[in-house]
Amino acid sequence: MGNLIDVILPVFLVIGFGYAAAWKGLFSEIAIDGLMRFAIKFAIPCLLFLAISTIDLADDFNIPLLASFYIGAFSAYGLGYLGARYFFARTIEDSISIGFCSLFSNTVLLGLPIVERAFGPDSLSGAYAIVSVHALVIYGFGVTMMEIARARSTGNRRRLVSNISRAMSTNPLLIGILLGFVVNLGKIRLPDALLAAIGTMSTAALPAALFALGGVLLRYRPEGDKNTIAWVTTVSLIAHPAITYSLGKWVFMLDQAQFRAAVLTAAMAPGINAYLFATMYGAARRVAASTVLIATTLSILSIWVWLALLA
């Protein structure tokens, strides 16, 4: 138990430092937003670029690994959408946003540091393989579903493709990932000075993002929609990793490193991007904001349980 706490606690302590700094007024909302913007738009894209550009695609880009994670993810979306639409009588747009919140695990800010602390740097290849297509697959699906729903409600389908393309092409995480694939597949040799600069940026990514996440969570106090929030939290922290666990263990029979990476990444709480997605479309913002806060807090316990099972 002590070892598991040592794995989880440092990550959440950094989040707690950010929360406390914002709560006490030591770090203003503007500063928190600036730090999060730095992490999301610059440092994390550098981290993902560096990881994807050097990953061994033949060995690490494993289809059964990705299938275990993403079948679980889209099953979570289905549970979130159907629950919102038919149990809680939400609109189609709200239901899509709630489904997106159910499927969007915080693979980068929580997943990568916890996988590394739990199983060592060598275990990250599977997590990076999942992360490498996460923004493309998840954002692509969410944006497409929402734009289709909006086009149906407004009757304007002419700009559907351009709206989807614009939303995807301006995502900095996706840009960093795609550039990483270009360098990897093209076997491009970058100057050492450039690689050193990117490496320096990448080392700041996770600490800055975790600290900023703590400050951001201070704003999202739970307000109403308790049943919906409880449903999404349950789907995210239990259903998604449980489905991934079952598939990885008994269907695809992943090796130990891949199995651990898939399940532990699936066990992460919804990321802040779930709230950003809800804000972008003005759908179920309160549910998304409160779920990010509550699920992140409860994930301290749920991640401990999943780590115990994986150990």
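Values in this text are rule-based calculations from the coordinates and carry no lab data. Because the structure is a prediction, the values reported are computed rather than measured. Note that each Cβ is placed from the backbone with ideal geometry, even for glycine, and that neighbours are counted across all protein chains shown.
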In nm, spacing of pseudo-spin labels at residue 13 and residue 82 (7 Å Cα→C-beta vector): 4.3 nm
Relative contact order %, the chain, counting alpha carbon pairs below 8 Å whose residues are six or more apart: 35 percent
Inter-probe distance in nm under a simple model that places probes 7 Å from Cα toward Cβ, at residue 185 and residue 136: 0.7 nm
Nonlocal amide H pairs with residue 90, under 5 Å, H built at 1.01 Å: 85
Mean ellipticity per residue at 222 nm, deg cm²/dmol - from DSSP H runs of n ≥ 4 across the chain, formula -39500 (n - 2.57): -22500 deg cm²/dmol
Cross-link reach list, lysines versus residue 41, counting only Cα pairs under 30 Å and skipping chain neighbours closer than eight places: 24, 187
Size of charge dipole - the chain - debye, nearest 20, with Cβ of Lys, Arg +1 and Asp, Glu -1, no other charges: 1020 debye
Net length gained if the chain between residue 251 and residue 311 were fully extended (0.36 nm per residue, minus Cα distance): 19.6 nm
